[in-house]
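Read-outs: derived from the displayed coordinates by stated rules, not from any lab. Not measured: the values here are computed from a predicted model. Glycine also receives a Cβ, built like all others from the backbone with ideal geometry; neighbour counts cover every protein chain displayed.
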Amino acid sequence: KRKYGDALIVMIGIKAANKQANKTANKTENKTEEKETGTETKYEFNETELNDFLTTFSKVYFAEKGTAFNINKYNTYDMILFAFSHIRCTYPSQITLEQRDDSIKYYNGVSAEKVNEVLDRYFGITVSEESVYTENSYAFFSYSDGYFYTPATDGLAYINNTVVRSSEQDGNYIIAQFDIYSDGEYYGEGEAKIRQDKDGLKLVFYSVNK
């Protein structure tokens, strides 16, 4: 016959097992945005978020038709220009308008801190103020007292949006094929490679076909 003490031990064991199972279930349930990949985690995304991420680039004409961007071969000018255009489009109040150096010309300014926040968010990189002077092509921007400056323009039109046609997983990367629409009309198609970091999506490669 089974003794009372034996039954009690079994019940205690069952309760302990259920408690551990509940812990495991709660731990799994809380992982809604991160997924284990070996010892690292990667950011989980949905289709709408992927469309929005790529539209961030198409709406500021990040790459012209027939050109491509590669994070391993970027130049600082393109990075600052992207950040400036993104901030101007999304947070226009963060762009200043002022006269500088006793000139009659007006300049737009943007905080270098904000520029690097944008670059870290979308590429996982930052740039230094010194880098703006490393090549003549960067003369479009100048740096002073924590701000990047560029001659003021009348404005830019941001009318492009991206619709992802297909995407596939390749380890910690997403390979996406997409279409771009400009003011509601078809503009072109492109391809992107995006890295899934634990804190968000980062652009690695981006091209727009002719």
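Could you give the length gained on full extension between PHE140 and ASP78, defined as 0.36 nm per residue of separation minus the Cα-Cα distance, in nm?
21.2 nm
Taking R0 as 30 Å, what FRET efficiency do you get between GLU64 and ASP199 from their Cβ-Cβ distance, rounded to the nearest 0.05?
The formula returns an efficiency of 0.50 here.
Please list 140-147, 75-82, 53-60 highest first by mean number of surrounding beta-carbon atoms within 10 Å per residue.
53-60, 75-82, 140-147
List the residues whose amide H sits under 5 Å from the amide H of GLY200, counting only those 5 or more places along or on another chain, with H placed 1.01 Å from N in the peptide plane.
Result for GLY200 returns TYR43.
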